[in-house]
């Protein structure tokens, strides 16, 4: 379908327009629906859509999804557009901050408008519902929302995006965000401003929308934000996320050997401490060990809540033949899962008795981490040093603590993972996988990990 502007209302006001053509049928359909099929309104929206780039360059230029800051924010998961619509054929978009952090508001708005632009070509609905969970918003985040920024953002959403606002829901709004809400209300028509609702907790949203379409974090029955990330990544990390029967010979052997022990008690800061060690020199398959580690993450996603993770790796009996299996693609995929899929917030990584031949792997891990997380890596010369980091009351006996022995803790984890319920869960998960045929653009391993036959995204000294 071709569409020319003709004599729109903007031309009547004396604004000279350059001729342009829109050839995307779904864009026209979406705009027609949002304007109740008023042709002149559609023309005005197309005009605004094209000309607004000069007015809002901070939002609409430099939008490479793989640029460092956009890639980081996309992986963090500020936004989630729910896959199912409401009974009124409204699409629900979520914004949330998982934990307090600093970010550049303009870049976050840029990503939000990118999702609106994608939907302009691929989604048709009768209206939009926006949900903003402000639980972890800081004052330093909100002060970036200056009047010019708010005005430009609202202008784009109202007049360029094709979005028809049916509801704006604010959860846990802090007092310092009230002035911004006041400004937004002044920019909206009264009937739209009346559609703004304040909620005290995420679960209140389940009283507004059907639970069948909401994520678990909001009391719904749909997948959680993190589960969606895990399912999508199965295609990218099949070596870690398939064939995970806890009673299969190799997984059973490694569980009984006790490579891993997640301590039953948390630190005073509410951090969970996970240990890895090799009792005596031996050979093993690194991929299978990583698989078991990620299985424990998956168990904890359903059964544990903490403010951060501390990882302790006792490398006393690691051999060179063990470390050579930690190739750049394996390390990159492992770190991708931990950082972006597991829900883990790394508060500390502690290496005990690190051999010289393992230092290159540590260098690679540091390059894959943000500088502030890389700074949380600590090297210790002997196991007893860990007692100077964590309270002795939570540490196993082998590390100078007062808790159960490492063997006893590891054995309890084996029993848990191999229980009937969890064994069936891990077997069933082989069937839970995203349908990549529905993705509008196929992602290669190279785009996600930088390792599809090359290491272009990795730098080595």
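The values are calculated or read from the model by the stated rules, or taken from the named source; none is laboratory data. Predicted model only: the values in this text are computed from it and were never measured. Here the Cβ is made from the backbone with ideal geometry for all residues, glycine too, and neighbour counts use every protein chain on show.
Please indicate, with yes or no, whether at least one residue in region 19-26 is at pLDDT 85 or above, under 20 Å from residue 117 (Cα atoms) and part of a helix (DSSP H, G or I). Within region 19-26 (the criterion being at pLDDT 85 or above, under 20 Å from residue 117 (Cα atoms) and part of a helix (DSSP H, G or I)), the answer is no, since none of the residues qualifies. Applying the selection to region 390-426, what residues are more than 30 Å from the chain's Cα centre (by Cα) and not in a helix (DSSP H, G or I)? Hits for region 390-426 are 391, 395, 396, 400, 401, 402, 403, 404, 405. Restricting the search to region 195-211, which residues are exposed (fewer than 12 other Cβ atoms within 10 Å of the Cβ) and outside any loop (DSSP other than H, G, I, E, B)? The one that is exposed (fewer than 12 other Cβ atoms within 10 Å of the Cβ) and outside any loop (DSSP other than H, G, I, E, B): 207. Only residues that are touching a helix residue (DSSP H, G or I) at 6+ places or on another chain (Cβ under 9 Å) and farther than 25 Å from residue 375 by Cβ were counted across region 304-318, and they come to 0. Just one of the listed residues (82, 134, 60) is farther than 18 Å from residue 225 by Cβ, in contact with a helix residue (DSSP H, G or I) (Cβ under 8 Å, 6 or more places away or on another chain) and either touching a residue at least 40 places away in the same chain (Cβ under 8 Å) or surrounded by 17 or more Cβ atoms within 10 Å (Cβ to Cβ) (or both), and it is 60.
For region 111-129, the count of residues that are more than 15 Å from residue 73 (Cα to Cα), under 19 Å from the mean Cα position of the chain (by Cα), crowded, with 16+ Cβ neighbours inside 10 Å and at pLDDT 95 or above is zero.
Select from region 305-317 the residues that are assigned to a loop (DSSP other than H, G, I, E, B) and under 26 Å from residue 383 (Cα atoms) and list them in ascending order. Hits for region 305-317 are 306, 307, 315, 316, 317. Looking across region 172-194, the residues that are free of Cβ contacts under 8 Å to residues at least 40 places away in the same chain, under 24 Å from residue 218 (Cβ atoms) and not in a helix (DSSP H, G or I) come down to 172, 173, 194. Can you confirm whether residue 387 is within 20 Å of the chain's Cα centre (by Cα) and assigned by TED's automatic domain parsing to the domain that holds residue 295? It is false that residue 387 is within 20 Å of the chain's Cα centre (by Cα) and assigned by TED's automatic domain parsing to the domain that holds residue 295.
The single residue among 182, 162 that is within 20 Å of residue 50 (Cα to Cα) and over 26 Å from the mean Cα position of the chain (by Cα) turns out to be 162.
Regarding residue 302, is this residue modelled with pLDDT under 95, in the same structural domain as residue 374 (by TED's automatic domain parsing), crowded, with 18+ Cβ neighbours inside 10 Å and under 23 Å from residue 263 (Cβ atoms)? No; evaluated as a whole, the condition is false for this residue.
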